[in-house]
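Working notes for the structure below.
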Amino acid sequence: MSIFEPDEGTLVVLPSLSLPQDELRRITGPLSYEERLLFLLLTLRKPNVEVVYLTSTPVDSAVVDYYLSFLDDPDEARTRLQMISLDDPDTHPLTEALLRRPDVIARIRAAIGGHREGDTASGTEDDGNGGGSGRAAWMVPFVVSEYEERLAGVLSLPVYGPATSLAHLGSKSGGRTIGGEAGVPLVRGFGDLRSLIEVEHAARALGPTSKLMVKLNNSYSGLGNAIVTKDDRPLSSCPTSFSASDESWTTFAEKVAERGAVIEEFIEDRPLYSPSALARITPGGSYDVVATHEQILGGPNGDVYQGCTFPARQEYRAELGAHAERIARILAGRGVVGLFGIDFFAVKTDGGYRTLMCEINLRIGGTTHPFGAAILTTGASYDPETGMLVHAGRPKHYVATDNCASPALRGRTPGEVVKLVNDGGLGFDRESRTGNVLHMLGGIPKYGKLGFTSIGDSAEEAAELHRRTLVTLRKTA
């Protein structure tokens, strides 16, 4: 199974966090998040693939060596890889800074075989292979903003991602619209709210409910959420818990006016699960669901993404996949291209489980790199009938985190941590196709933080490997 289609040519990987910068500042070690897409170096397993990977600062050579070590011939694969850096840690987002660097743009052009005339910068108008003369090439961004589209235009590259003209479909309000059009059950609420007054009116229209959630249209990892315990007073006077610790109703209201928002009933049913589906739409308009996950959430409100497990629970996995496929069909019809995630709630009922769509994230998300690492290391394929990843008749499970942090790791080098994991018998075993795949290693020296995906042949094996790895990394002397 390939993570992209087409699956050959030159991938220009652009992991720029072109997202609301006020939320980005709340993340520890944001530059290390540019390394979450390094699993794409494993696509060099195919001899007809080349990778150009762009970053703000140089990636430690030990990190590059680590990813290439998963391949049969690391030295040969290295000849098809170019790591290009701005060498500037203070520029955010990366793509915006790249547009001001003609010298770096010239290096990218040289890496992809020169500037090609006549190509489009939209995956919906191209066959995905770049067209024109020179090698087939396309841009793989973390998220598509005006900056990515401008850079794609400068480089004459098609983009494996949705055009910015379609970005509203991935907003919280747009997601509710698409979910409704697809006939997928939604959390009860209202979208397209543009002021605190509109939020107040919508809260009253929801009727009697003790808690409400207000979500900014364009936010990520739950950092644009507020949970309100409702009473007879205006919402801004009610007890409120913001997911971002430095938020207030004054600042939040300004963001509602700027970005728009939705308001939804806060579901207090227990047990309550937070599964998600990962889907893909190709430049040709084909669509499929490639994985389902259980999200691991944390933060003060329990709504900030921390990691995931694969697959989603069996009790509602099939329903989740069916809902996601209906949404993907609608989005494909609108011209969306790329990988994207869909978040749900799953609530226990007398007759089983009820799944409700929460939001659509039209970008590479937190479950993408664990999924990519799992399929590119194990060679497993997704079976839509069972919702499992399978290799040689054996299912694969995994548990992933982006948030393994310990003071004991601070000051260590990525190479030291890779050796620690391997020496502890926790590394990836190519024969059994189980073990850990590390990511975000660049955050270790300064922040003592990294992520990893623990792959096993059963849910229990993956969970136990994950537990042992956390203990090992956090106890490092």
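The values are calculated or read from the model by the stated rules, or taken from the named source; none is laboratory data. Being a predicted model, the structure only gives us computed values, none of them experimental. Here the Cβ is made from the backbone with ideal geometry for all residues, glycine too, and neighbour counts use every protein chain on show. Heads up: the accessible areas ignore ligands, DNA and RNA and are worked out on the full protein's heavy atoms, side chains in. Shrake-Rupley method; radii C 1.70, N 1.55, O 1.52, S 1.80 Å.
At 0.36 nm per residue, minus the direct Cα-Cα distance, what do R468 and K348 gain on full extension? Give it in nm, one decimal, please.
Going from the current span to full extension adds 40.1 nm.
Once the C-beta distance of D288 and N403 is scaled by a Förster radius of 41 Å, the resulting FRET efficiency is 0.90 to the nearest 0.05. Counting only trypsin sites (Lys or Arg not before Pro) that DSSP places in a loop and that have at most 10 other Cβ atoms within 10 Å, the longest clean stretch of the chain runs over 101-474. Testing the spin-label approximation: label points 7 Å from Cα along Cα→Cβ at N301 and E416. State their distance in nm. Placing both labels 7 Å along Cα→Cβ, they lie 3.9 nm apart. Modelled this way, with points 7 Å down the Cα-to-C-beta line, the labels at E200 and R150 are 3.9 nm from one another. Taking Cα atoms only, the orientation of helix 368-378 departs from the longest principal axis of the chain by about 40 degrees. On the beta carbon distance between S69 and R313, with R0 = 41 Å, the FRET formula returns roughly 0.75. Any chance you could give the angle, 0 to 90 degrees and rounded to 10, that helix 172-181 forms with the longest Cα principal axis of the chain? With rounding to tens, the tilt is 80 degrees.
Pop the C-beta distance of D423 and H391 into the FRET formula with R0 = 30 Å and round what comes out to the nearest 0.05.
After rounding, the FRET efficiency stands at 0.70.
Placing dummy labels 7 Å off each Cα toward the beta-carbon, the span from S432 to D88 is 4.7 nm. Holding the Cα-Cα limit at 25 Å, pick out from K255/K446; K211/K449; K172/K230; K172/K396 the pairs that are longer than that. From the list (K255/K446; K211/K449; K172/K230; K172/K396), the Cα-Cα distance tops 25 Å for K255/K446; K211/K449; K172/K396.
Here the chain has 49 percent of its accessible surface on carbon and sulfur atoms, given a 1.4 Å probe and all protein chains in place. Derived scalar couplings between HN and Hα for the stretch 46-54 equal 8, x, 9, 10, 10, 10, 10, 10, 9 Hz in order, rounded to whole Hz, by the Karplus curve 6.51 cos²θ - 1.76 cosθ + 1.60 (θ = phi - 60°), x for Gly and Pro.
Tell me, in nm to one decimal, what length is gained between R107 and S248 on full extension, where the rule is 0.36 nm per residue of separation less the Cα-Cα distance?
46.3 nm
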